[in-house]
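Participant: Before I ask anything, let me first share the structure, which is written out below as structure tokens.
The values are calculated or read from the model by the stated rules, or taken from the named source; none is laboratory data. As the structure is a prediction and not an experimental result, all values here were calculated from the model. Because the Cβ atoms are built from the backbone with ideal geometry, glycine has one as well, and the counts that use them run over all protein chains shown. Note: areas computed on protein heavy atoms with side chains; ligands, DNA, RNA excluded. Shrake-Rupley method; radii C 1.70, N 1.55, O 1.52, S 1.80 Å.
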Amino acid sequence: MLTIDFLGQRLKNPLMLTEGPLSGNETLIREASEADIGLIFTKGIRIKPILSPVPYMSIHNGSLMNADWSCIGIEEWIRIISRLDSSVLLVASIAKNYVDPGTAVEMAERLVKAGARIISFVDYDPDQLVATVKMARPRIKVPLMVKLPPFLPRLEDNLKSLVASGVDAIAAMDSIGPGLFINTADATPSLGSQDGSGYLSGAYILPFTLKYIYEISGFVDIPVVGVGGVSDTDSAIQMMMAGATGVGMVTSPLLNGLNIYKAISGGLRAFLQEGNYDRISDICGLTRKAAGERKISEEYKASIADNLCINCGACREICYSRAIRAEEEYHVVNWHLCTGCGLCKGVCPENAVEYC
């Protein structure tokens, strides 16, 4: 029900642990491989070991500001990959943004020789990604991926260039930033990086990732991994409905533990059973079809079902047009005043508000 085919690998589910602290060394990868995860991406591989100034992570309402660039270096990664059991499905992720295309391809060749079955290049410069994939394609015989930065300009053109250069799958998106959080007690930045800034991941960025995946999946016919903002079953479902083949997570397992994968995979099974779907791939890209079929109108108004309304008044409190009033047992909408904004539906605890 949850199994998917991804770049020649049969994955037990579409959930992935993508680049980050939880896949930064052999011990962590072996631990992650015991969780209910379909695919693991290594932390970004650099040539030499490096440590990040501390603290390099800061939690903000379920999201994360991150300035962790640490790495154990490619020599250790080669030793790790050569030792890992073949049952550990791993993507070797190269931090391309720190090296030129030629060096990145040489790194990829060494990692493949050690046993890597999929290579991913990460860079914020689309031209560098295209140049790297183009150079790697005739030399690397395993599937090649790229991870895109947020808000890539000329998205369709860049995607066409990547596909033409030989990329086999796309992951999106990287964290948003740089950004800054400040400790008001002493006015210092919350992170230990040089200027205190970092990159934002987690629940805050989900809407941006969903729109990005929706656009990317409409332009390419290759697998797309949605990364950014998934924290529970519902957000994982949204990501696949937007067009993702697989769903990557970093922040949520960091904050909640690797058992979050088991919880979400169980939620996915329940959702498929309740919706009479045979397999997880059946929901991939559903939003594109649904968006095309739905009716859009500027004339829709709110309507409150009196049999569901518990007369709590949450809708009335938030209605800036003052279109909602309380009756003795339920609330009602004055359609002449209602603007159809949607706020009342968002606060109703009983889902009693509809628009028609």
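Participant: Which Cys residues of the chain have no other Cys beta carbon under 4.7 Å away?
Facilitator: Here 71, 284, 309, 312, 319, 338, 341, 348, 356 come out as lacking a disulfide-compatible partner, given the Cβ-Cβ threshold of under 4.7 Å.
Participant: Expressed as cubic angstrom per residue, what is the convex hull volume of the alpha carbon set of segment 1-67?
Facilitator: 126
Participant: If only Cα atoms are counted, what is the Rg of the chain, and what is its Dmax, in Å?
Facilitator: 22.9, 75
Participant: Follow-up. With an 8 Å Cα cut-off and a minimum separation of 6 or more residues, compute the relative contact order for segment 166-313 in percent.
Facilitator: About 19 percent, as a whole number.
Participant: Okay, moving on. What are the semi-axes of the equivalent ellipsoid of segment 107-158, taken as the square roots of 5 times the eigenvalues of the Cα gyration tensor, listed largest first and rounded to whole Å?
Facilitator: That gives 23, 11, 8 Å for the three semi-axes.
Participant: Which one of 255, 17, 144 has the biggest mean-square fluctuation once the chain is modelled by GNM with Cα springs under 10 Å?
Facilitator: 255
Participant: Given a 1.4 Å probe and every protein chain left where it sits, what share in percent of the accessible area of the chain is carbon and sulfur?
Facilitator: Working: 8870 of 17170 Å².
Whole-percent figure for carbon plus sulfur exposure: 52.
Participant: Among 213, 296, 176, whose mean-square fluctuation peaks in a Gaussian network model of the chain (Cα, cutoff 10 Å)?
Facilitator: Comparing 213, 296, 176 in the GNM, the peak value goes to 296.
Participant: Over segment 1-146, what number does the Rg to Rh ratio reach, with both radii from the alpha-carbon atoms and Rh per Kirkwood?
Facilitator: Taking Rg over the Kirkwood Rh, I get 0.96.
Participant: Right, another one. Hey, got the dipole for segment 8-63? About the Cα centre, +1 on K and R Cβ, -1 on D and E Cβ, debye to the nearest 20?
Facilitator: About 220 debye.
Participant: Next up: Given charges of +1 on the Cβ of Lys and Arg and -1 on the Cβ of Asp and Glu, with all other atoms neutral, how large is the dipole of segment 278-356 about its Cα centre, in debye to the nearest 20?
Facilitator: Details: 10 positive and 12 negative charges, 82 e Å.
Taking the Cα centre of segment 278-356 as origin, the dipole is about 400 debye.
Participant: Here's something else I'd like to know. Write down the Kirkwood hydrodynamic radius of segment 202-349, to one decimal in angstroms, obtained as one divided by the mean of 1/r over all alpha carbon pairs.
Facilitator: One over the average 1/r among Cα pairs gives 17.9 Å for segment 202-349.
Participant: Moving on to the next point. Can you pull out the chymotrypsin sites (Phe, Trp or Tyr not before Pro) in segment 294-356 whose DSSP state is coil and whose Cβ has at most 13 other Cβ atoms within 10 Å?
Facilitator: Values: sites: 300, 320, 330, 335, 355; in loops: 300, 320, 330, 335.
Sparse-neighbourhood loop chymotrypsin sites (Phe, Trp or Tyr not before Pro): 320, 335.
Participant: Looking at the chain, which longest stretch skips every one of the trypsin sites (Lys or Arg not before Pro) that is in a DSSP loop with at most 12 other Cβ atoms within 10 Å, leaving the sites themselves out?
Facilitator: Numbers: sites that count: 139, 141, 154, 279, 294, 295, 322.
Longest gap between qualifying sites, sites excluded: 1-138.
Participant: Segment 290-337 to segment 145-176: how many Å between their Cα centroids?
Facilitator: Taking the Cα centre of each part, segment 290-337 and segment 145-176 sit 42 Å apart.
Participant: Still on this model: Taking the Cα atoms of segment 125-234, what is the range of coordinates along each of the three principal axes, in descending order and whole Å?
Facilitator: 55, 34, 26
Participant: Pairs of alpha-carbon atoms within less than 8 angstrom and 6+ residues apart define the contacts here; what relative contact order does segment 226-356 have, in percent?
Facilitator: 21
Participant: In debye, nearest 20, what is the charge dipole magnitude of the chain about its Cα centre with +1 on Lys and Arg Cβ and -1 on Asp and Glu Cβ, if you could check?
Facilitator: Computed charge dipole of the chain: roughly 1000 debye.
Participant: Sticking with this structure for a sec: Return the FRET efficiency for the residue pair residue 69, residue 221: r is the Cβ-Cβ distance, R0 is 41 Å, and the value is rounded to the nearest 0.05.
Facilitator: Working: r = 34 Å, r/R0 = 0.83.
That gives a FRET efficiency of 0.75.
Participant: With springs only between Cα atoms under 10 Å, which of 261, 212, 277 fluctuates most in a Gaussian network model of the chain?
Facilitator: 277
Participant: Right, something else. Would you please name the GluC sites (Glu not before Pro) within segment 269-356 that are DSSP coil residues with at most 11 other C-beta atoms within 10 Å of their C-beta?
Facilitator: 298, 299, 327, 328, 329
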